[in-house]
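The values are calculated or read from the model by the stated rules, or taken from the named source; none is laboratory data. All values reported here derive from a predicted model rather than from experimental measurement. For neighbour counting, all protein chains shown are included, and Cβ atoms are generated from backbone atoms with ideal geometry for every residue, glycine included.
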Amino acid sequence: MIDQTVSQVSTVTLLRFEGLNTFWIFAQMQKAPKKFAKVLGLTFFKLMGSGGKNGFSKMLNVNIYALHCVWESEAYADEFMQNSKTFLEFRNRTSELYTIFLKTTRAHGLWSGTNPYETQEIKPTGPIAVITRARIKLKFLPKFWSKVPSLGKKVDEVKGSIYSIGIGEYPWFMQATFSIWESYEAMHNYAYGNPLHMEVIKKTRELGWYAEELFANFIPYRTEGSWGNLDFQLDKLL
């Protein structure tokens, strides 16, 4: 049983904007963090844009953004999403919004100089979510981007993959991925059984592509809203 009331909870909210609201959210990349910094119970947050196609592209997607938050408890997350004027404005300006509630089972590395996650001893028996994040050294940008688009395309073709998207705080050199898998085994088989993915891991270790990196596993346990057919696919597994 997952105790979500008194222990740390993470959320990933996917947001889709259309028309003039794409200009509004672009401006919020600079404005919103000041508001989030004052939210009670919010210990870590990142508002991120996405790349073209499924996010693994050098071209920006001006329509899709992701808000990742780490909360002291689920109660703080609910209070923010139900009563905050800041989140209400986000909700009112989106054409589609979907929040996934997560518990961390594994996390190593740093994100902006810290590891924000408290891991819990929960055995994954259903779907699993993964966040990988890296700050790429400028001199390695060409080599990194020669590999990532092909790698991203392959993720969608892998058995057991439910959803994946490339997101980031800043275009091209601060990159993160968020992916959801039917099981831990499906994720593990891709991570260590895909030749292209293994090549990227090898190059990363040999050349030191990243100035900072983080890898985290989560168990999704609750969702709110809708996102294409992702909510249908994921909710039937929860």
Unmet requirement for F101, which otherwise passes all of (1) free of Cβ contacts under 8 Å to residues at least 12 places away in the same chain; (2) within 20 Å of the chain's Cα centre (by Cα)
(1)
Could you please tell me which pairs satisfy a Cβ distance under 6 Å, a separation of 6+ or placement on different chains, a first residue in the stretch 84-95 that is crowded, with 17+ Cβ neighbours inside 10 Å, and a second residue that is polar (S, T, N, Q)?
R93/N21
Against the conditions (1) in contact with a helix residue (DSSP H, G or I) (Cβ under 8 Å, 6 or more places away or on another chain); (2) without any contact (Cβ under 8 Å) to a residue 40 or more places away in the chain, where does M81 fall short? Just the number, please.
(2)
In the stretch 48-80, residue modelled with the highest pLDDT [restricted to those that are in a strand (DSSP E or B) and among the aromatic types (F, W, Y)]
W71
Complete set of residues in the stretch 119-131 that are under 16 Å from I100 (Cβ atoms) and at pLDDT 90 or above
G126, P127, I128, A129, V130, I131
Within the stretch 164-212, which residues are at pLDDT 75 or above, over 24 Å from M48 (Cα atoms) and among the aliphatic types (A, V, I, L, M)?
A186
Has the stretch 24-41 got at least one residue that is farther than 22 Å from F178 by Cα, modelled with pLDDT of 85 or more, assigned to a loop (DSSP other than H, G, I, E, B) and of a type in the set (D, E, K, R)?
yes
Kindly indicate which of A32, A75, A37 is closer than 15 Å to E224 by Cα and of a type in the set (A, V, I, L, M).
A75
Just to be sure, is L15 outside any strand (DSSP E or B) and either surrounded by 16 or more Cβ atoms within 10 Å (Cβ to Cβ) or at pLDDT 95 or above (or both)?
no
